[in-house]
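Single-structure report; data block below.
The values are calculated or read from the model by the stated rules, or taken from the named source; none is laboratory data. All of these numbers come straight from a predicted model, not from anything done at the bench. Reconstructed Cβ throughout: ideal geometry from the backbone, glycine too, with neighbour counts over all protein chains shown.
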Amino acid sequence: MEEKPESVLKSFLIELLVYAALVVFYVLLVIRLLGNWLNGLFEHSKTHYAIAALLLIIGQGIALEMLTTLLLKLVRLRTH
Amino acid sequence: MDFLISHTHISPLYLVTAGFIIGMLGGFFGVGGSFIAGPALFAVGVPMNFVVGTDLAHIVGKSIVAAKKHRALGNVDLKLGFIMVAGTIAGVEVGAQGIERLKHLGQASVDKVVGITFVIVLLSISAFVAWESWQTLKMQRKRGGKSKKSAGTSSKTADKGDESAFAHIAQKVHSIKIPPMIKLRASGIKEISLWAILGVSFVGGIFSGFLGGGAGYVRMPSMVYLLGVPTHVAVGTDLFEVVISASYGTFSHALKGNVDIMIALVMHTGAAIGAQLGAASTQYFHGPKIRLAFVPLPLIGAAIVIYGLLSGKNMK
């Protein structure tokens, strides 16, 4: 059964709000803390920096996809 | 927020919002969105060599999940993907070396040359997509007219919009008999020269290494119209290939000091949610009209780059 656009929009808006709160926390704490360490790596060893950069973006890609899928499931369960 | 690696000061809200819009467009139109991501970074003062490398890193984070989903749907031709990886990586390296050469001439040269090339590519994409969707719409209208005369025969053929408009080009490529010839079962191609695949992927790789992003805007149409790969397999295989080649590109550019991973990480937080919203929206829109709606987007990207070039904001 196809969902109504209004119901999908409502789910996404709720998901967006929860996600925005989590992202603010993540950017302010985790990414800011990583900043100095990554800058040090960039200055001293480009090879280590390149490995760390690749691992971080792949890790974040997988983690955020899991988070958005989970949020969407929870929000849809509550709105239906 | 200060980004120490690229020596820039950008609001994280700007990056997250830009990422969100790029992710949404990517999810909706099935493209990486580097035509907006690159100009968006350039517009806030990120030097062009960092724009290229950082955009590649951001693409890795986005494509890895999409590729996994397409693999589960059976839309990935692994044999084609691995062959294309070889051509793309060689191309990416050539593109990255091009940036290195330009860096020796100074940052202003990098910004100017990459910026102008970017504008030319964006205008070409926009013109091509407008022309292609117009052709498809025209063809569908003709088919619709015929189907009214012979009721009940056109529902399936009307969906195959791009099939007949460019099929002759792919047939010509298939007729090139330079060995080794290979068979691509998953793509339904009986025989094609290995060199044709490597050539297409190499050119896409140069665009990717020189302009950043996954260069799906070049490789995707090339796979469909030149190699004759079905569109859904082309999308899945392109994503699979982009994960590997963009990872290589990120690593290569990071070694050369062209990646600010902090910018990529912040931007990607917006892209992850935007991609879901964009993908979910596609169930309410269909056909070449979507591609026609895509036409202004590269033009926006081109306008931002032209503004950056003319205002000299990045000419450090």
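Structure notes:
- Meets criteria (more than 17 Å from the chain's Cα centre (by Cα), within 14 Å of chain A (Cβ to nearest Cβ), over 19 Å from B:Phe118 (Cβ atoms) and modelled with pLDDT under 90) for B:Gly270: yes
- Restricting attention to the stretch B:75-124, the residues being of a type in the set (Lys, Arg) and either within 19 Å of the chain's Cα centre (by Cα) or more than 20 Å from B:Ser252 (Cβ to Cβ) (or both) number 2.
- Test: residue in the stretch B:208-215 that is in contact with a Gly (Cβ under 9 Å, 6 or more places away or on another chain), touching a residue at least 60 places away in the same chain (Cβ under 8 Å) and among the aromatic types (Phe, Trp, Tyr): yes
- Residues of the stretch B:1-21 satisfying the condition of being crowded, with 21+ Cβ neighbours inside 10 Å and at pLDDT below 85: none
- Condition met for B:Val52 (part of a helix (DSSP H, G or I), touching a residue at least 60 places away in the same chain (Cβ under 8 Å) and surrounded by fewer than 23 Cβ atoms within 10 Å (Cβ to Cβ)): no
- Any hit, the stretch B:29-46, residues being within 14 Å of another protein chain (Cβ to nearest Cβ) and either within 18 Å of A:Ile58 (Cα to Cα) or touching a residue at least 12 places away in the same chain (Cβ under 8 Å) (or both): yes
- Matching option when the condition is at pLDDT 60 or above, of a type outside the set (A, V, I, L, M, F, W, C) and either out of contact with any His (no Cβ under 7 Å at 6 or more places or on another chain) or over 21 Å from B:Asn75 (Cβ atoms) (or both), among B:Lys149, B:Lys172, B:Lys160: B:Lys172
- Qualifying position, being in a helix (DSSP H, G or I), under 19 Å from B:Leu277 (Cβ atoms) and β-branched (Val, Ile, Thr), among B:Thr17, B:Thr88: B:Thr17
- Restricting A:Val18, A:Val8, A:Val27 to residues that are part of a helix (DSSP H, G or I), at pLDDT 80 or above and not charged (D, E, K, R) narrows the list to A:Val18.
- Some residue of the stretch B:212-225 being modelled with pLDDT of 75 or more and assigned to a loop (DSSP other than H, G, I, E, B): yes
- Matching residues in the stretch B:243-267 - criterion: being more than 8 Å from chain A (Cβ to nearest Cβ) and within 17 Å of the chain's Cα centre (by Cα): B:Val243, B:Ile244, B:Ser245, B:Ala246, B:Tyr248, B:Gly249
- Residue that is surrounded by the fewest Cβ atoms within 10 Å (Cβ to Cβ), among those in the stretch A:32-68 that are under 30 Å from A:Ile14 (Cβ atoms) and among the β-branched types (Val, Ile, Thr): A:Ile62
- Tally of residues being crowded, with 24+ Cβ neighbours inside 10 Å and hydrophobic (A, V, I, L, M, F, W, C) across the stretch B:77-90: 2
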